[in-house]
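First comes the structure, then the notes that go with it.
The values are calculated or read from the model by the stated rules, or taken from the named source; none is laboratory data. It should be emphasised that the depicted structure is a prediction, and the values quoted were computed from it without experimental measurement. Cβ: placed from backbone, ideal geometry, glycine included. Neighbour counts: every protein chain shown. Note: accessible area is taken over every heavy atom of the protein model, side chains too, but ligands, DNA and RNA are not part of it. Shrake-Rupley method; radii C 1.70, N 1.55, O 1.52, S 1.80 Å.
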Amino acid sequence: MNVILMGAPGAGKGTHAADLSKKYGIPHISTGDILREEVKKGTELGKLAKSYMDAGKLLPDDVIIKIIQKRLEEPDCKRGYIFDGFPRTINQAKMLDEISNIEAAIYLKCDDDILIKRLSGRRMTKDGRIYNIYFDPPPEGVEVYQRDDDNEETIKERLKVFYDTFGPLIDFYKQKGVLYEIRGDEQREVVFSNIVNILDRLNK
Ligand code: AP5
């Protein structure tokens, strides 16, 4: 099963991709997480990525495409994968189309006021568990941190970049007949079950 979760920053891609990965036993591939790992390790790629991520801008397509080509060669991708944050541009989608058969591109639609509240309230643990101080607060004693790009100025830019780029992507997957649009701003359990319904129908 090869799936893409699409949506604006804060739509819930990472939250649901992690849960889907557990449910279906296939990897969750987040280009954002891969890049943040490189930043943490201080690699050349990490240094490059940080300059774009801190500004809320997208990295060049060729950099992202190389990362994905390498990741898809890993043996855990044989049974399928869930993309989160990729593809982000029409060039990335076209490249993916050459090497993968996407069965569902699920677009999580959300209103901006909710997105902004979610991003400003997001907190993470070092091992990647996502919490939210407004909707899903971390238990007492659990150490959490805030992402560098979850500040007001960068959030605004990330949303702008999303709205500038997502139209052609939606059209691309609509034309392929694999686009599913659902509300991402309902309760977490409701959104998850709506995604599972789509995927289970495809796998029958
Ligand atoms: P990336 O890491 O992909 O970030 P993003 O797209 O901005 O998306 P987020 O991770 O912020 O949001 P999400 O939808 O995963 O939301 P989450 O589930 O955490 O990219 C970061 C940067 O890397 C980019 O700006 C760019 O520079 C670079 N990059 C990455 N990929 C790239 C690519 N392909 N090409 C070029 N550059 C790339 O949820 C948010 C919060 O809401 C959480 O606190 C969560 O608990 C809460 N929440 C979620 N769902 C619900 C719900 N239903 N009810 C209540 N709370 C909820």
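Note on region 44-147: with charges restricted to the Cβ of Lys and Arg (+1) and Asp and Glu (-1), its dipole about the Cα centre is near 180 debye. What is the ratio of the Cα radius of gyration of the chain to 2.2 N^0.38 Å, with N the residue count, to two decimals? So the chain has a normalised radius of gyration of 0.98.
Got a sec? Charge dipole of region 2-203, +1 on Cβ for Lys and Arg, -1 for Asp and Glu; which of 11, 179, 151 is way out at the positive end? Value: 179. Think of region 59-112 as a dipole: +1 on every Lys or Arg Cβ, -1 on every Asp or Glu Cβ, centred on the Cα centre; then among 105, 93, 72, 72 lies furthest on the positive end. Remark: the residue 125-residue 52 segment gains 24.0 nm on full extension, using 0.36 nm per residue and subtracting the alpha carbon distance. In region 74-144, the C-alpha radius of gyration followed by the widest Cα-Cα span (Dmax) gives 16.5, 47 angstrom.
If you average 1/r over all unlike Cα pairs in region 1-92 and invert the result, what Kirkwood radius do you get in angstrom?
On the way: mean 1/r = 0.0730 Å⁻¹.
Hydrodynamic radius (Kirkwood, Cα pairs) of region 1-92 is 13.7 Å.
The listed peptides 59-71, 111-123, ordered by packing as a protection proxy, come out as 111-123, 59-71 (highest mean of other Cβ atoms within 10 Å first).
Accessible area, 1.4 Å probe, largest first: how do 193, 30 sort?
On the way: 193 55, 30 10 Å².
Descending accessible area places them as 193, 30.
One quarter of the convex hull surface built on the alpha carbon atoms of region 108-204 amounts to 7.9 nm², the projected area averaged over directions.
Mind checking the dipole of region 2-203: about its Cα centre, +1 per Lys or Arg Cβ, -1 per Asp or Glu Cβ, Debye to the nearest 20? If you can, show how the numbers build up before the last one.
Details: 32 positive and 35 negative charges, 59 e Å.
For region 2-203, the charge dipole is close to 280 debye.
Overall, the accessible surface of region 42-106 at a probe of 1.4 angstrom is composed of carbon and sulfur to the extent of 52 percent. Between 81, 24, 107, the GNM of the chain built on Cα springs shorter than 10 angstrom shows 24 fluctuating the most.
Could you do me a favour and compute the accessible area per residue for the chain, 1.4 Å probe, result in Å²? Before the final figure, lay out the partial values.
On the way: 10920 Å² over 204 residues.
Averaged over the residues of the chain, the accessible area is 54 Å².
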